[in-house]
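Here's the structure we're looking at; comments come further down.
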C-alpha cells in the first residue's frame with residue numbers, strides 16, 4: 001500500500017480516479033489548485049486505487065494523503 | 001626490491017577487500033581513475049607514503065595529475081581496500097598537497113571519495129593540527145570559485161569527511177553505495193536513541209532528492225564518471241579563463257514548435273524541458289540537481305557551442321512556484337556559473353514565491369533572499385526571458401529588469417505583474433465584490449480582469465521600456481543565439497567592498 005501525497009499546500013480541484021481504477025506510475029491522479037495554478041499530482045508507482053481520501057474542494061497541506069494505492 | 005614494493009603498492013589492499021568491493025558494484029580506485037582520465041595518471045606523488053608500515057599502500061589515497069577532455073586536472077582518490085579508505089597522517093598530507101598543486105596550477109580539483117573517515121588511533125597526528133584534516137576544508141573554501149571542485153562519491157563520506165562534498169561545486173553520488181552522514185546509524189542509536197538504516201539517513205537518493213547535499217544521482221560508477229567528464233567540458237580550468245566553445249549544433253528537431261507547447265491559459269502547466277530542448281544545441285543539456293526541488297530546473301547547455309547556465313521554472317511541478325529549496329538550488333547554481341564565466345539564461349514562468357504558514361516557518365523569505373542575492377551579484381552575461389508569466393518577487397528572482405540583465409525579452413503572450421489577474425481583482429475589489437448582488441458579481445469580476453489584462457499587456461510594458469523586446473516563441477532560439485555572443489565582452493565588477501553579508 002502506498003499513498004499519493006500532495007506536493008504542496010492548496011485546494012483539491014479535481015480527483016481524476018475512482019476506487020478500483022488501475023493507475024500507472026507517472027499518471028496524474030488528481031489536480032490541485034494552488035497559487036492560481038493547476039498542480040497535477042502523479043502516482044509514483046503502478047497500483048490500484050483502494051481509497052480516495054481527498055475530496056474536491058478540500059484544503060490540503062503539503063504531504064497530506066490524497067489517494068491510497070494497493 | 002623497489003620494483004616489487006611498487007607493484008605491491010599499486011595493487012592496493014588485500015584481495016578479500018577487492019572482492020568485497022566488487023560484490024558491491026565498486027571499482028578499485030585505480031580503475032576509477034583509468035576511466036575518468038584521458039590517459040590515466042600522468043604523474044603520481046606519494047606512492048610510497050607509509051610504505052614501511054607494510055599494510056597501508058600509498059596510505060590509502062592516490063594523488064596525482066592527469067587530463068580530462070584534454071584539460072589538466074588534479075585528483076585524489078581514497079582507496080577503500082585499505083582500512084576502508086580511512087585517513088592517517090600521510091593520507092591527509094597527500095590530500096592537502098594535491099589541493100595545493102591544483103591551486104598553483106589553477107586547474108580543477110577532483111575528489112574521488114570512498115572513506116570511513118579518520119583513523120581514530122592516529123588522531124593526534126591527523127586531526128587537530130595545522131596540517132590536520134581541517135586544512136583540507138580550509139583549502140577547499142579558499143579554492144572555491146578559483147578552480148572547479150568536483151566530488152565523486154563512491155562510498156561513505158563520514159563525519160568530518162562529509163564536508164569534502166559539502167564544499168565542492170558539485171557532488172555526484174552513486175546510488176546504493178554513496179552516503180554522507182555526520183554520525184553513523186550505530187552512533188545515532190547510541191547517542192540519540194534513533195533506530196535508522198544508512199540509506200534512509202544518509203543515502204545517495206535521500207541526499208539528491210531531499211537534503212540537496214548531493215547534486216547528481218548516478219546508477220553506476222561508470223555513469224558517475226561519464227557525467228563528470230561531460231560536466232567538466234562546460235568549464236574553464238579556472239576563474240581567469242573562459243569555457244571551451246564547441247562546434248555549433250542546431251537543436252534537436254521536434255514536431256511541435258515552441259508556440260505549440262505553451263498553453264494560452266496561464267494556469268495550465270506545460271513541460272519546461274520541452275522548451276529547453278528547443279533552445280539549446282542537440283544533446284547539450286547537463287542537468288544539475290535534477291531530483292531536488294524539481295519546480296526549478298538548473299543545468300548547463302550550449303547555444304551555438306557556447307556554454308550557458310539555464311535557470312528555468314518548471315510549471316509541470318508545483319506550478320513552477322518558487323520554494324525555499326528551489327531558491328537555495330538557484331542561488332548555488334548561479335554562483336557556480338558566475339564564478340567560472342558561464343553566461344546565465346533565465347527562463348521565467350513563475351507565479352511567485354510560495355505563501356502560507358508552512359513555508360514561512362522554514363524561512364522562505366531568507367531562502368528567497370539568497371537567490372536574489374546571488375543573481376544580483378552575478379556579473380556574467382544575464383539573459384532574461386519572460387516565457388509566460390513573472391509575478392511578484394518571482395520576477396525579481398528570475399533576473400527581472402531591475403537586476404541588470406543584459407536583456408529582458410518577453411514572448412508575445414507573456415505577463416508581468418505584481419500578481420495574476422484573478423488574485424489582483426480579488427485583492428483590489430474584495431469589498432466591492434462582496435457588496436454587489438450575487439448575479440452581478442461574475443460580470444464585474446470579468447470586466448475588472450479584462451481591464452487588468454489590458455493594464456499588464458506585454459506591448460504596454462514594451463512601450464514603457466520595461467522589457468527590451470517582444471518576440472514570437474519560435475524566434476527565441478535565434479534571439480538568444482544572436483544576443484549571446486554580443487554580450488561576451490561584458491566585464492564588470494559588481495561593487496567595491498570586502499564582501500557582502502550573505503543572507504545564508
statement: Mean projected area, convex hull of alpha-carbon positions in the stretch B:375-467, reported to one decimal in nm², is 6.4 nm²
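For chain B, give me the percentage of DSSP beta bridges that are antiparallel, rounded to the nearest 5 percent. Before the final figure, lay out each step's value.
On the way: 22 of 65 bridges.
Percentage antiparallel, nearest 5: 35.
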field: Diffusion constant of the stretch B:219-338 at 25 °C, which comes from Stokes-Einstein with the Kirkwood Cα-pair radius and 0.890 mPa s, µm²/s
entry: 158 µm²/s
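Compute for the stretch B:151-203: radius of gyration divided by Kirkwood radius, i.e. Rg/Rh, restricted to C-alpha atoms, rounded to two decimals. Show your work: numbers first, answer last.
Working: Rg = 11.3 Å, Rh = 11.3 Å.
My calculation of the ratio gives 1.00.
Below 8 Å between Cα atoms, with a sequence gap of 6+, how large is the relative contact order for the stretch B:164-259 in percent? Intermediate values should be presented prior to the final figure.
Values: 95 pairs, mean separation 25.0, N = 96.
Relative contact order for the stretch B:164-259 comes out at 26 percent.
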- request: Return the Cα extents of the protein assembly as shown along principal axes one, two and three, sorted largest first, each rounded to a whole Å.
  value: 98, 59, 46
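Using the number of other C-beta atoms within 10 angstrom as an exposure proxy, rank B:107, B:337 with the fewest first.
On the way: B:107 21, B:337 28.
With the fewest neighbours first, B:107, B:337 line up as B:107, B:337.
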- request: May I ask for the angle, rounded to the nearest 10°, between helix B:324-339 and the longest principal axis of chain B, with both axes built from Cα atoms and the value confined to 0 to 90°?
  value: 70 degrees
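Can you tell me how the stretch B:302-441 classifies by the Cα gyration tensor, rounded, prolate or oblate, using a/c under 1.5 as the rounded cut? Can you show the working numbers first?
Numbers: a/c = 2.75, a/b = 1.81, b/c = 1.52.
Taking the square roots of the gyration eigenvalues as a ≥ b ≥ c, the stretch B:302-441 is prolate.
What's the Kirkwood radius of the stretch B:163-235 in Å, using all Cα pairs? Working shown, then result.
Working: mean 1/r = 0.0765 Å⁻¹.
Mean inverse Cα-Cα distance, inverted, gives 13.1 Å.
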statement: Here the percent of antiparallel bridges among DSSP beta bridges lying wholly in the stretch B:11-130, to the nearest 5, is 65 percent
The stretch B:418-445 residues near the modelled residue B:460 label - backbone nitrogen below 19 Å, point 7 Å along Cα→Cβ: B:418-430, B:444-445
- request: Sort the stretch B:78-156 into rounded, prolate or oblate with this rule: let a ≥ b ≥ c be the square roots of the eigenvalues of the Cα gyration tensor; rounded if a/c is under 1.5, and if a/c is not under 1.5, prolate when a/b is larger than b/c, oblate otherwise.
  value: oblate
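Dividing the alpha-carbon radius of gyration of the stretch B:19-136 by 2.2 N^0.38 Å (N being the number of residues), what value is obtained?
Numbers: Rg = 13.9 Å, N = 118, 2.2 N^0.38 = 13.5 Å.
So the Cα radius of gyration is 1.03 times the expected 2.2 N^0.38 Å.
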statement: Honestly the stretch B:189-268 on the Cα gyration tensor test (a ≥ b ≥ c root eigenvalues; a/c under 1.5 rounded, otherwise a/b vs b/c for prolate or oblate) is just oblate
- request: Using only alpha carbon pairs under 8 Å that are at least six residues apart, calculate the relative contact order of chain A and give it in whole percent.
  value: 45 percent
message: For chain B, take the longest principal axis of its alpha carbons; what is the angle in degrees between that and the long axis of helix B:89-105, to the nearest 10 within 0 to 90?
response: 50 degrees
statement: In whole percent, the Cα-Cα distances of the stretch A:2-69 spread across 10 Å bins from 0 upward as 25, 59, 16, 0
query: If you look at just the Cα atoms of chain B, how large are its Rg and its Dmax in Å?
result: 25.7, 100
- prompt: Got a sec? How would B:300, A:69 order by Cβ neighbour count within 10 Å, fewest to most?
  reply: A:69, B:300
- prompt: To the nearest 10 degrees, how steep is helix B:438-455 against the longest Cα principal axis of chain B, on a 0 to 90 scale?
  reply: 70 degrees
- prompt: Given the alpha-carbon gyration tensor of the stretch B:2-232, what are the semi-axes of its equivalent ellipsoid in whole angstrom, ordered largest first, with each equal to the square root of 5 times an eigenvalue?
  reply: 24, 21, 18
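How many percent of DSSP beta bridges within the stretch B:121-228 run antiparallel, rounded to 5?
On the way: 1 of 12 bridges.
Beta bridges within the stretch B:121-228, antiparallel portion: roughly 10 percent.
Taking 8 Å as the Cα distance limit and 6 or more residues as the minimum spacing, I'd like the relative contact order of chain B as a percentage. Intermediate results must be reported in sequence, preceding the final value.
Numbers: 1034 pairs, mean separation 42.4, N = 504.
Across chain B, relative contact order equals 8 percent.
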field: Residue order, fewest to most beta carbons within 10 Å, for A:13, B:87
entry: A:13, B:87
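Every number in this text was worked out from the coordinates using simple rules, so none of it is lab data. Remember, predicted model here, so these are calculated numbers, not experimental data. No Cβ is skipped: glycine too gets one built from the backbone with ideal geometry, and neighbour counts run over all protein chains shown.
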